[in-house]
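Asks: Submitted below is the structure of interest, expressed as structure tokens.
Read-outs: derived from the displayed coordinates by stated rules, not from any lab. Because the structure is predicted, anything quoted here is derived from the model rather than measured. Glycine gets a Cβ as well: all are built from the backbone with ideal geometry, and neighbour counts include every protein chain shown.
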Ligand SMILES: Nc1nc2c(c(=O)[nH]1)N=C([C@H](O)[C@@H](O)CO)CN2
């Protein structure tokens with residue numbers, strides 16, 4: 001059977017408020033993070049059957065990521081990216097993903113700062 005290795009499911013602009021930052025003043029406030037995810041997934045079975053149980057459900061993935069980030073305190077956006085990658089790989093059996101975490105309010109004279117990571121299962 002041929003596998004569609006190039007298929008992806010994307011989540012773009014997922015906005016979450018959380019406690020994030022290395023400085024003391026940041027530990028008492030909520031700040032906005034924006035996440036973009038690119039996840040490898042064979043979309044052919046879901047596309048051919050129109051069966052939600054065969055897709056990578058972006059609603060469930062978004063819900064899991066949002067509640068995880070909202071309920072956890074972080075210092076670095078690198079840590080958010082790493083933990084989100086682990087969650088998606090473990091909970092949704094995703095084999096490869098790219099995660100971008102932006103913290104648009106971090107630098108007054110920059111429109112955005114972000115980190116990007118790519119991770120694989122195993
Ligand atoms: N590479 C990073 N650099 C910095 C981070 C970070 O998460 N990753 N965080 C901070 C502070 O929390 C900053 O956002 C306060 O404006 C500094 N550098």
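Asks: Relative to the longest principal Cα axis of the chain, at what angle does helix 58-70 sit, 0 to 90 degrees, rounded to 10?
Replies: 20 degrees
Asks: Here is a follow-up. Using Stokes-Einstein with the Kirkwood hydrodynamic radius over Cα pairs, what translational diffusion coefficient do you get for segment 32-92 at 20 °C and a viscosity of 1.002 mPa s, in µm²/s rounded to a whole number?
Replies: In µm²/s, the coefficient rounds to 166.
Asks: Within 10 Å of each residue's Cβ, count the other Cβ atoms and sort 68, 59, 74 from fewest upward.
Replies: Going from least to most buried by this count: 59, 68, 74.
Asks: Say a paramagnetic label sat at a point 7 Å from the Cα of residue 115, along Cα to Cβ; which residues of segment 16-41 have their backbone N under 15 Å from it?
Replies: 20-23, 33-36
Asks: Would you compute, from DSSP H runs of 4+ residues alone, the mean residue ellipticity of the chain at 222 nm, taking -39500 (n - 2.57) per run and dividing by the full residue count, rounded to the nearest 500?
Replies: Mean residue ellipticity at 222 nm (helix-derived): -9000 deg cm²/dmol.
Asks: For segment 8-120, what's the radius of gyration and Dmax over Cα atoms, in angstrom?
Replies: Gyration radius and largest Cα-Cα distance of segment 8-120: 15.1, 52 Å.
Asks: Taking the Cβ of each residue in 96, 41, 25 as the centre, tally the other Cβ atoms inside 10 Å and list the residues starting with the fewest.
Replies: 25, 96, 41
Asks: Expressed as an acute angle from 0 to 90° and rounded to the nearest 10, what is the orientation of the C-alpha long axis of helix 77-92 relative to the principal long axis of the chain?
Replies: Its long axis makes an angle of about 30 degrees.
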